[in-house]
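Single-structure report; data block below.
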């Protein structure tokens with residue numbers, strides 16, 4: 001009887017492994033056709049036909065239901081794949097979703113404790129080309145958040161619609177929070193005045209890790225400095241690391257920022273409201289090492 005039970009467990013684990021492999025193939029092939037499923041946003045009125053179909057097992061369009069064992073397996077495999085190739089954003093996203101349930105719940109509590117956070121969760125705004133008028137942002141004054149964000153996207157060739165949809169979070173509200181975190185990433189770069197080079201990404205990841213507690217951010221923050229060369233590592237350890245830690249702990253919670261209401265706000269004024277200081281070294285953003 002014991003052997004039969006053992007065999008059954010092995011078969012179930014093997015089946016889960018195959019299921020996770022299938023999910024990873026699905027995650028890699030998925031591309032963001034729209035910034036978020038319609039169920040995430042009460043403000044976005046359009047969505048692609050592919051993201052609007054929802055099966056009875058799905059909690060939101062695109063949702064993939066996974067067991068705790070599958071989530072653990074997906075976390076481990078995707079983490080290994082991301083370490084081997086940090087450019088695999090599909091694996092980074094899968095790891096973040098599979099391992100982020102507790103952190104997302106904590107983020108939700110922090111948002112519910114703040115009036116703006118409550119509004120964000122209630123209205124579920126989406127940052128996409130359909131909801132953000134980039135032409136309007138391009139015409140704002142240089143010192144505003146909106147113009148700074150537009151310049152960040154334009155200079156680096158980024159697109160607000162480039163963030164992947166959420167698939168493996170088994171709660172619609174937590175899934176929206178994960179999506180909001182992703183869509184706020186470039187805003188965070190803009191407010192922190194960090195370019196998307198290696199040093200900038202490591203600094204932002206440490207800030208996000210402290211702010212959100214997401215395991216994916218923590219792993220990237222710890223592992224990122226090891227990919228720096230000696231010159232960059234010295235700048236990181238002596239200047240950027242203390243700055244990231246200070247801002248992460250001392251500034252207001254970034255995900256409580258209803259950024260859509262602050263496009264015209266002077267960025268220095270917004271930094272002061274958030275309690276954010278800019279990096280102490282002017283040469284950080286001149287370093288061109290990209291991820």
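Just so it is clear, none of the values below were taken in a lab; they were calculated from the coordinates. Bear in mind the structure is a predicted one, so any value in this text is a computation, not a measurement. Here the Cβ positions follow ideal geometry from the backbone for every residue, glycine too, while neighbour counts run over all protein chains shown.
Going by the alpha-carbon gyration tensor, a ≥ b ≥ c the square roots of its eigenvalues, is the stretch 170-248 rounded (a/c under 1.5) or, if a/c is not under 1.5, prolate (a/b greater than b/c) versus oblate? Because a/c hits 1.5 or more and a/b exceeds b/c, the stretch 170-248 counts as prolate.
A Stokes-Einstein calculation at 37 °C with viscosity 0.692 mPa s, built on the Kirkwood radius of the stretch 113-196 over Cα pairs, returns a diffusion coefficient of 235 µm²/s. Can you give me the Cα centroid spacing of the stretch 256-277 and the stretch 98-126 in angstrom? After rounding, the separation between the Cα centres reads 19 Å.
From most to least packed by mean Cβ count within 10 Å, the peptides 121-134, 104-117, 170-183 give 170-183, 121-134, 104-117.
Contact order, relative form, for the stretch 124-279: 27 percent (alpha carbon pairs under 8 Å, 6 or more residues apart, mean separation divided by residue count). Residue ranges 85-91, 69-75, 189-195 sort as 189-195, 69-75, 85-91 when ordered by packing (mean number of other C-beta atoms within 10 Å per residue, highest first). Rg/Rh for the stretch 64-286 stands at 0.95; both radii use Cα atoms, and Rh follows the Kirkwood definition. Backbone N atoms of the stretch 169-195 closer than 20 Å to the 7 Å Cα→Cβ label point of residue 260 belong to residues 172-191. Here the simple spin-label model places points 7 Å from the Cα toward Cβ, and for residue 134 and residue 83 these points are separated by 3.6 nm.
Computed on the Cα atoms alone, the convex hull of the stretch 72-134 gives a volume of 117 cubic angstrom per residue. Mind running the shape call on the stretch 212-253? Use the C-alpha gyration tensor, a ≥ b ≥ c as the square roots of the eigenvalues: rounded below 1.5 for a/c, prolate if a/b tops b/c, oblate otherwise. It comes out oblate by the Cα gyration axes.
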